[in-house]
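Please treat every number below as a calculation from the coordinates, not as lab data. Because the structure is predicted, anything quoted here is derived from the model rather than measured. With ideal geometry, Cβ positions are generated from the backbone for all residues, glycine too; neighbour counts draw on all protein chains shown.
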2 protein chains.
Amino acid sequence: MVPASTLAAGSVGIAETRHLDLPGPLSLDCGRELSGVRIAYETYGTLSPRRDNVILVCHALSGDAHAAGRSAERPAAGTRDGFGAEDRDGAAGGALGWWDGMIGPGKAFDTDRYFVVSTNLLGGCRGTTGPSSPNPETGAPYGSAFPVITVADMVRAQRAFLDALGVERLAAVAGGSLGGMQALEWATRYPDQVDSIVVIASTHALQPQGVAWNAIAREAIMRDPAWCGGDYYGTGSAPDAGMGVARMVGHITYLSAPALHDKFGRRLQSADDLRYTLTEPEFEVESYLRHQADSFVKRFDANTYLTLSRALTYFDLARGHGGSLERALGGISARTLLITFSSDWLYPPAASQEIDAALRALGKPTELHLIDAPYGHDCFLLEEERQTPIVRRFLAGG
Amino acid sequence: MVPASTLAAGSVGIAETRHLDLPGPLSLDCGRELSGVRIAYETYGTLSPRRDNVILVCHALSGDAHAAGRSAERPAAGTRDGFGAEDRDGAAGGALGWWDGMIGPGKAFDTDRYFVVSTNLLGGCRGTTGPSSPNPETGAPYGSAFPVITVADMVRAQRAFLDALGVERLAAVAGGSLGGMQALEWATRYPDQVDSIVVIASTHALQPQGVAWNAIAREAIMRDPAWCGGDYYGTGSAPDAGMGVARMVGHITYLSAPALHDKFGRRLQSADDLRYTLTEPEFEVESYLRHQADSFVKRFDANTYLTLSRALTYFDLARGHGGSLERALGGISARTLLITFSSDWLYPPAASQEIDAALRALGKPTELHLIDAPYGHDCFLLEEERQTPIVRRFLAGG
């Protein structure tokens, strides 16, 4: 597979992460309010005079505002910020955005035509207010005092941010995984402000097995004594051991069993034979897991992991509508594009098919593309080449 | 599903775990020797005068010697020792054996006809020598000084134990999961001493995804500071937090996604609504995971978990034969019965099909039964009723 970033289409160039402080407090689903919320964001392309060409892209659990181009702040690393897809083009400049293959001149989200906006999620650790941010009431990091938030809260924060930016309508909201949940939430919460949504490798409600994987990842963090009930900031320590395990669980659920077979098989670290050790990796896949864990804990905050993981398990479009997806989607007016991947067992195609069927039953414009690809949930970051024509055609049909 | 233990077939009654000390040292694959090995075992039925009716049953990761009947030592608990199948019949007496539905008068392994022997594995924590046993050299528990062992080592220990018991030949070796690996190892290591093997929900080599899940479980234990590099005995503490996470990972891999859907769905703990908490379970499946973790750490040793998990990832019948399963099975003379389950994604049917194909190509007697059942790897402990006629017919055909 050719990395999309080396295809003919261009780059947005050097991207700078900026910050905006919301003017008012944010009301949350849990009943609390958050004041002094700061949003980290990047924009690519040019806002049209009529302000009708805005696409909001929403990141997944481990992403951030830096979705495209080369970071002005962060040096190039070995991996992108998404789910570990490699930064392979070796071009000059800082770290490549997590969705660089999809955002840029001539790409799926074409910055020659659209003004693409990307924010770090509420609860994040990359510039937007989250558990590691200073609590205005104490001046110290929130830690355990940070509220438990929902996908709706994230979307409320994005709405308030766009208000402050002077953007009323969105030509599209797009995202994969947790990002797709935000797109769905936008379309149902603000139906008259969203023209279309692009929902990739996502769901209206995480299946019970996904709820369980997320619970296990959070348990691994919270059972680490260094977590200190969430108040580890300033202790000189952090629950890196537990978050490493959480990340390992994540990686295996993002990949498919055949992809693991093709990538690692049962190859040993030592060419000769077994070394008979419990503490050192024997299989290449064991070494890969350790590497992924070690690199992740250097760039991610454990409380943000807990917060976003909890939010994505809560997300359930039909919950407030007697369990009826049709009723939940009844008010939607956006055109809907759903993309799903055959080997994605964490966000299986069935959920997208259910959304598509409900929208069809309601007579609403929807299209579903099931892409046959072997990489599991990671496909949404790897199969950019095959998604591009689908997304371009969909956006052009508006 | 009716628990097999309440079917017409009978019980072996009260079962007592006995112990036998191996007379000589045991040579291990890693090059070390273990002296003073003790084997915990139970037997059911009567040894024939010709000693030709012995069936060795081999347990999986979390089992023990108490395979059938009511324990003379341990009180009845809420769960059996297998993978959490419930002890539902409420009869008087101690804990029910982990394979009670399969072993007894008139059952799959019919104690009216066979003398069934069950041992706790080498490396175990239920009476057989393992990491928590006293090291003869120091008098203190082995801890980190316990050798890294293999499935072949477990089988060598069983062979030495049966020698001491005066049993030369086995009518059958039977087991599920790691137990099935032992049966395969028996048939290839001691081909002229095994008449038949019953290999259930097992494999000739764990797939890479299974290697990864096991690595994650072990990481969760070893990253717990209370593990102390394996030398936690006598510290007043144990890596219960990490082993709890390991057990949670195990449980989700033993079940299928549809089974989790049917059993828990997305039902909340609170009938009303979300409680907005990170630390307390919100979903029923989260509460289930915590319960499974908490009950497991009370009865199992973390170093045994590490040891057995490592052994089952090492197991690879073809490794010493240039990767050829046919060559690995070339010397086998036992009749082979393979049972596998459609929804078992940890030990997928493909591996049993590969074993069956290799044996067929070699012209050796083999039969494979793929049972269509929804419970995942746990099927081997739950689908006793459907396995029983298959096993009885196979054993009678000898």
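If you take all other residues with their beta carbon under 12 Å from the beta carbon of residue B:52, and give Lys and Arg +1 and Asp and Glu -1, the sum is +2. Counting only DSSP H runs of at least 4 residues, each contributing -39500 (n - 2.57), and dividing by the residue count of chain B, the helix-based mean residue ellipticity at 222 nm comes to -10000 deg cm²/dmol.
Taking the charge dipole of the protein assembly as shown about its Cα centre, with +1 at Lys and Arg Cβ atoms and -1 at Asp and Glu Cβ atoms, the residue from B:202, B:251, A:330 reaching farthest to the positive side is A:330. Taking other Cβ atoms within 10 Å as a rough exposure proxy, A:307, A:17 sort from fewest to most as A:17, A:307. Counted by neighbouring Cβ atoms within 10 Å, the residues A:125, B:58 run from fewest to most as A:125, B:58. Look at B:204, A:19, B:369, B:59 and count the other Cβ atoms within 10 Å of each Cβ; fewest to most, that gives A:19, B:369, B:204, B:59.
Bridging of residue B:107 to lysines at a Cα separation below 28 Å is possible for B:364, once same-chain residues fewer than 8 apart are set aside. Classification of chain A by its C-alpha gyration tensor yields a rounded form. The axis ratio a/c (a ≥ b ≥ c) stays under 1.5. Under the criterion of Cα pairs below 8 Å and six or more residues apart, the relative contact order for the stretch B:206-314 equals 32 percent. Other residues within the sphere of radius under 12 Å centred on the Cβ of residue A:226, judged by their own Cβ, net out at -2 (K and R +1, D and E -1). Restricting the GluC sites (Glu not before Pro) of the stretch A:158-249 to loop positions (DSSP other than H, G, I, E, B) with no more than 15 neighbouring Cβ atoms within 10 Å leaves A:168. A simple charge model with +1 on the Cβ of Lys and Arg, -1 on the Cβ of Asp and Glu and nothing else charged puts the dipole of the protein assembly as shown at about 440 debye relative to its Cα centre. Computed about its Cα centre, the charge dipole of the stretch B:206-314 is approximately 320 debye, with only Lys, Arg, Asp and Glu carrying charge at their Cβ. The trypsin sites (Lys or Arg not before Pro) found in the stretch B:107-181 include none that occupy coil by DSSP while having at most 10 further C-beta atoms within 10 Å.
With a ≥ b ≥ c the root eigenvalues of the C-alpha gyration tensor of the stretch B:206-314, is it rounded (a/c under 1.5), prolate (a/b larger than b/c) or oblate? Oblate shape, in that a/c is at least 1.5 and b/c is the bigger or equal ratio. Along the axis of the charge dipole computed for the protein assembly as shown (Cβ charges of +1 for Lys and Arg, -1 for Asp and Glu, origin at the Cα centre), the listed residues A:381, A:276, A:359 are led at the positive end by A:359. I'd like the distance separating the alpha-carbon centroids of the stretch B:339-398 and the stretch B:239-270, in whole Å. Using only Cα atoms to place each centre, the spacing works out to 25 Å.
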